[in-house]
Amino acid sequence: MDKNAFFDISYGIYVVSSKYKEKESGQIANSVIQVSGDPATIAISISKDNFTHSLINESKKFTLSVISQNADMKFISNFGFKSGKDINKFENTTYTRSKEGLPIVTENTTSIFEADVISEIDSFTHTLFLGKVTTSVVLNADEPMTYDYYRKVLRGKTAKNAPTYKEPKEGYYTCRICGYQYTDEHPKFEDLPDDWTCPICGSPKSFFHMFSKWGKLMNIQKIDTPKQKEYICNTILRSLPNWFGIEDAITDYVNKTQSMPFWAAYIKDAPVGFITIKNHNQYTSEVYVMAVLSEYHRQGIGKQLIKQCENFSKKNGMEYLTVKTLDKSVHSESYEKTRNFYLAIGFRPLEVFPLLWDKDNPCLFLVKHI
């Protein structure tokens, strides 16, 4: 199925609002149609996960504001990428109220509608609410905003609960709130100032993560129990013979990592990767060992594990993070991938130690300023 075909269907940008008892909220919607003219009836598609859905479901009433091309991303972000459970979306917005007390957004709006729900259709993740229009008013002659305008002119993103949502591309830092992806090479995301915010929804830099297809399923946990460390380390290292094929080395890693800071990446409650660090002095810590199951490579998991170490080291006042791996003088496709990984995330070669391990395994020493 080519999901791009759905973008050829015409959509608009609307704010749908509702209220039940003392709770009220509004949200951006792009799937709204007129179903009949007499009686005037409109249909709106609302995600079941949205707070506005629950309010419409309880009150059986909603209002609709047709948004104009005058609206900017700050306005759309307020209704599209934040929850009415957490903020008052109408606080800094011009609006009025219906006779029943429902909020009706009038700012950046060309027309408004009030409707009573007369039917509902379950549509998997969404509900199609059929509303009999009780009031409709044209506010001005401004041009209504289309979804195409929103995407191409405002460069807007689609909320995860929208019917037209597309999964973001892997390998880019992605806003957890609105889905905006930072794709610029200069400056790199890591070099942006700490007070940088998402240009779409205004979320802080800390709300961004490296997106992978496992993003919703993966979580990283700090492991403190020696037995857990032993199990995770032993299991994963033995699953990677191209990197960890020496029995004595595996045993040494398993024994020594039990006393080190240790993080594990989980997918569906199963460990798929881990990292440990060794603190050398007040300035430097070392990635003692890191491993990710091969079927989960290139999914951003390694970068997230490294990030845990960097954050931990920074909080403890350290300035440098180091790592040792096999030098390129020994041909190994597996370790070439390892070296490229570390180079890509900011590590730089410092020195080669030909005999640190043994003559057949020269050690490349890399360092990163954090």
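Every number in this text was worked out from the coordinates using simple rules, so none of it is lab data. None of these values were measured; they are calculated from a predicted model. In this analysis, Cβ positions are derived from the backbone assuming ideal geometry, glycine residues included, and neighbour counts consider all displayed protein chains.
Can you sort TYR288, TYR266 by how many other beta carbons sit within 10 Å, fewest first?
Numbers: TYR288 20, TYR266 17.
So the ranking, lowest neighbour count to highest, is TYR266, TYR288.
Can you work out the Karplus-derived ³J(HN,Hα) for every residue in region 90-96? Use 6.51 cos²θ - 1.76 cosθ + 1.60 with θ = phi - 60°, whole Hz, and x for glycine or proline.
After applying 6.51 cos²θ - 1.76 cosθ + 1.60, I find 8, 4, 10, 10, 6, 8, 10 Hz.
Express the Stokes-Einstein translational diffusion coefficient of region 88-138 in µm² s⁻¹, to the nearest whole number, given a Kirkwood radius over alpha-carbon pairs, 4 °C and a viscosity of 1.567 mPa s.
Details: Rh = 12.7 Å.
Using the Kirkwood radius from Cα pairs, D works out to 102 µm²/s.
Of all beta bridges DSSP finds with both residues in the chain, what is the antiparallel percent, to the nearest 5?
Working: 84 of 88 bridges.
Beta bridges within the chain, antiparallel portion: roughly 95 percent.
Can you put LYS132, LYS229 in order, fewest other beta carbons within 10 Å first?
Working: LYS132 16, LYS229 20.
So the residues, fewest neighbours to most, are LYS132, LYS229.
Which number gives the lysine pairs in region 80-162 that have C-alpha atoms under 29 Å apart and are eight or more places apart or on different chains?
17
Angle check, please: helix 333-344 long axis (alpha carbons) against the longest principal axis of the chain (alpha carbons), in degrees 0 to 90, nearest 10.
Relative to the chain, helix 333-344 is tipped by roughly 60 degrees.
Specify which residue in the list TYR147, SER10, GLY101 is farthest towards the positive end of the charge dipole of the chain, using unit charges on the beta carbon of Lys, Arg (+1) and Asp, Glu (-1), about the Cα centre.
GLY101
Ratio of alpha-carbon Rg to the 2.2 N^0.38 Å globular estimate for the chain, to two decimals, please. All intermediate terms of the calculation are to be shown ahead of the outcome.
Values: Rg = 26.6 Å, N = 370, 2.2 N^0.38 = 20.8 Å.
Relative to the 2.2 N^0.38 Å estimate, the chain comes out at 1.28.
If one takes the longest principal axis of the Cα atoms in the chain, at what angle in degrees, from 0 to 90 and to the nearest 10, does the Cα axis of helix 301-315 lie?
Tilt relative to the chain: about 80 degrees.
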